[in-house]
Structure formats: structure tokens, C-alpha cells
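First up is the structure itself, then whatever we jot down about it.
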Amino acid sequence: MKELLKEFKAFISRGNVIDLAVGVIIGGAFTAIVTSLTTNLINPFIGLFLGQIDLSNLMIKVGGATFKYGAFINSVINFLIIAFVVFVIIKIINRVIKKEPAKVVPDKKELLLEEIRDLLKNENREIK
């Protein structure tokens, strides 16, 4: 049991887990902001053109089933806003963190061949 607790402590204290937890918390808060933006600003604006202020009330009743396509439109708008913001954030991060070209480390065979080449070049120069 002690070993399991040690492994759990090592796992939870790793940077990746903490970063993930922070990301989830911030993502939840951001989702609430986007939902509010959609519900309180974007939907009333779209509703002006449709003649109905609250899109979430748009629905079709067929028999006993109710299809709430207005709520679906809200969800699609929320998704598009979140996806666009994440896209922009990733673009900014990629510009800020420029990837350095990976340095190719030659293997031992290549190093030995280069040494042999250099030695042969030096010998040819000395002979002339």
C-alpha cells in the first residue's frame, strides 16, 4: 500500500498532470464565458434577423417528439467560438515558441569515416 501511495504521489506531482488539471479548470471557465457570450450577445443578435430573440426556444414538434434545434444551434455556435479561440492560441504559441532544427548527432561509423577522410586528406597534402 505504501508503494502504491509513493507511485501515486510521484504521478500526481509530475508537471504534466498539474498542467492538465490547470487546463481543464481554465477550459471549464472559458466554456462558461463562451456560453454566456453566445446566449447573451450572439443569439439575440441572430434572433433580431429571425424575429425571435431566444434561439434556444426554437423547436419543432412532430407527434410526441420535440426537436430543440435552437439549443443545437447554441451548442454549434459555442463549439465554433471555442475551436476558433483554441486555433488562434495554438497559432500564437507556435509563433512564440520557434522550434529549433533538430541537431543530427552522427553515429560512431560516420565519425570514424570522417576521421579517416581527414587523415587521408592530410596525407595527400603532405605527399605533394
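Every read-out reported here was derived from the displayed coordinates using simple, explicitly stated rules and does not represent laboratory data. If you're wondering where the values come from, they're calculated on a predicted model, not measured in any experiment. Positions of Cβ are backbone-derived with ideal geometry, glycine not excepted, and every protein chain shown enters the neighbour counts.
Would you work out the relative contact order for the stretch 30-121, in percent, from Cα pairs under 8 angstrom that are 6 or more residues apart?
After rounding, I find 19 percent.
Before anything else, pin down the relative contact order of the stretch 1-72: Cα pairs under 8 Å, at least 6 apart, normalised by residue count, whole percent.
Normalised by residue count, the contact order of the stretch 1-72 is 14 percent.
Ranked highest first by average number of other Cβ atoms within 10 Å, how do 111-122, 88-99 line up?
111-122, 88-99
Which of the listed residues, Gly63, Ile26, Ile42, is farthest toward the dipole's positive end in the stretch 2-127, when Lys, Arg count +1 and Asp, Glu count -1 at the beta-carbon?
So the residue furthest toward the plus end is Gly63.
About the Cα centre of the stretch 2-127, how large is the charge dipole given +1 on each Lys and Arg Cβ and -1 on each Asp and Glu Cβ? Please answer in debye to the nearest 20.
360
Can you compute log10 of I(q)/I(0) for the chain with the Debye formula, treating each Cα as one identical point scatterer, at q = 0.19 Å⁻¹?
Values returned for q = 0.19 Å⁻¹ are -1.10.
Can you give the local net charge around Lys9? Use residues other than it whose beta-carbon is closer than 13 angstrom to its beta-carbon, Lys and Arg +1, Asp and Glu -1.
Computed value for this residue: +1.
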